[in-house]
1. Filter the stretch 224-264 down to the residues that are under 19 Å from Glu127 (Cβ atoms) and of a type in the set (D, E, K, R), then identify the one that is surrounded by the most Cβ atoms within 10 Å (Cβ to Cβ).
2. Counting just the residues of the stretch 280-315 that are out of contact with any Cys (no Cβ under 8 Å at 6 or more places or on another chain) and of a type in the set (Phe, Trp, Tyr), which one comes out surrounded by the fewest Cβ atoms within 10 Å (Cβ to Cβ)?
3. Applying the selection to the stretch 228-262, what residues are farther than 18 Å from Ala66 by Cα and in contact with a strand residue (DSSP E or B) (Cβ under 8 Å, 6 or more places away or on another chain)?
4. I'd like to know if the stretch 153-172 contains one or more residues that are touching a residue at least 40 places away in the same chain (Cβ under 8 Å), touching a Lys or Arg at 6+ places or on another chain (Cβ under 6 Å) and surrounded by 17 or more Cβ atoms within 10 Å (Cβ to Cβ).
5. Could you pull out every one of the strands (runs of 3 or more DSSP E) wholly within the stretch 48-149 that has 1 or more residues that are among the small types (Gly, Ala, Ser) and over 25 Å from Ser241 (Cβ atoms)?
6. Of everything in the stretch 100-129 that's buried (at least 21 other Cβ atoms within 10 Å of the Cβ) and polar (S, T, N, Q), which residue is nearest to Gln164 (Cα to Cα)?
7. Residue check: is Ser274 in a loop (DSSP other than H, G, I, E, B) and farther than 26 Å from Asn92 by Cβ?
8. So, in the stretch 256-280, of the ones that are touching a residue at least 40 places away in the same chain (Cβ under 8 Å) and aliphatic (A, V, I, L, M), which residue ends up farthest from Pro196 (Cα to Cα)?
Amino acid sequence: MASAPPVQDAGYQTMIEAEPIDEFVHEQTTRNRETYQQDVDELNLEDKKIERFIRNGEKNRFTNVACFDEILDRDNEEFYVHANTFSTPYGNFIISQAPKENTCGDHLHLMWIYNVRTVVCLVSPEEAGGYFVPKEGESFTVFQKYTMKTTAIFDEKQGITVYQCEMKSWKAPKAQSRRTVYIICCDTAVAAVRSPRQQTAIMEYMWAFEETEDIEKNGTTSDATTTVLVHGLAGTRRCTSFVVTTIMCRQILETGQFSAMETWQEMRKRRAHSCTRKHDFYSSLYTVFAFAIQCCTVSESDPNYMKTMQIMKELLEKRQNRDKDGTEDKSS
């Protein structure tokens, strides 16, 4: 009798070390209730819920842009902002929607408890939600809570405007009641090709302000613990793409390498609606590849690099043309 031919490709399942059936049955039938409950709790931790989003409908800009549940204020677990944190070895971020008229106080409270000194606003000042006034000397006040005063305005390159603000808490001790906050404002395209120069310029300002704050606080640029708040309107497409791009660029600076898929996967776990369009994935890579040239990680004349950039640009333009057909949600 002829032997069976060898299996050419048995698949990944054959690579898993499995226990015998009788051993598995014995283990499952002798376990106690506490062990089962522990397994269920671990599975539940992986489930993403939006209960807080549903309960706080009046605080959300859009009914179709959900926000994963997250306790943002440990002293008040009922506190809610349409925002999520994203902490990595390459930077700490809060990604949020632009506040509404009735949530500006919550937005400022979020900035205060996370010691936010740098805000990246990816919409025009008029669309930012009103938590600051884009006019030098003017102030926005939430009665007996916070005041945000614009002390200086700097028109910079690449269509970027920086607003230097003084944030005051009316409840904090007098000696600790004032902070300087820099708001980097740049109206960034949702569906069009995002300029790598503009994106990297925003990053450079953000990093500079972080280092300035760290020097003033610790006298060193190492081990920075600042948190950057990034928002658009919905706080999804532009914001998550910018944060992921920033992290990958930091990876290049510190290690000479970057992890695109892993970084985007982690972002999708933290912020709802992340990378739901291929355009955002392509856009992040396009900027990272351009940043690699600035860092001299690769040569601009390298044939493989030139071919890759051309492919990326064509993909972005293809997605842009599709979005022009009416499928684009401009609120993101």
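1. Per the criteria, the residue is Arg237.
2. Tyr305
3. Val228, Leu229, Phe242, Val243, Thr246, Ile247, Arg250
4. Checked the stretch 153-172: at least one residue is touching a residue at least 40 places away in the same chain (Cβ under 8 Å), touching a Lys or Arg at 6+ places or on another chain (Cβ under 6 Å) and surrounded by 17 or more Cβ atoms within 10 Å (Cβ to Cβ).
5. Answer list for the stretch 48-149: 139-142.
6. So the residue we want is Thr118.
7. No, not satisfied.
8. Going through the qualifying residues, I end up with Ala272.
The values are calculated or read from the model by the stated rules, or taken from the named source; none is laboratory data. This one's a predicted model, so the numbers in the text were calculated from it and none came from an experiment. Please note: Cβ atoms are built from the backbone with ideal geometry, for glycine as well, and neighbour counts cover all protein chains shown.
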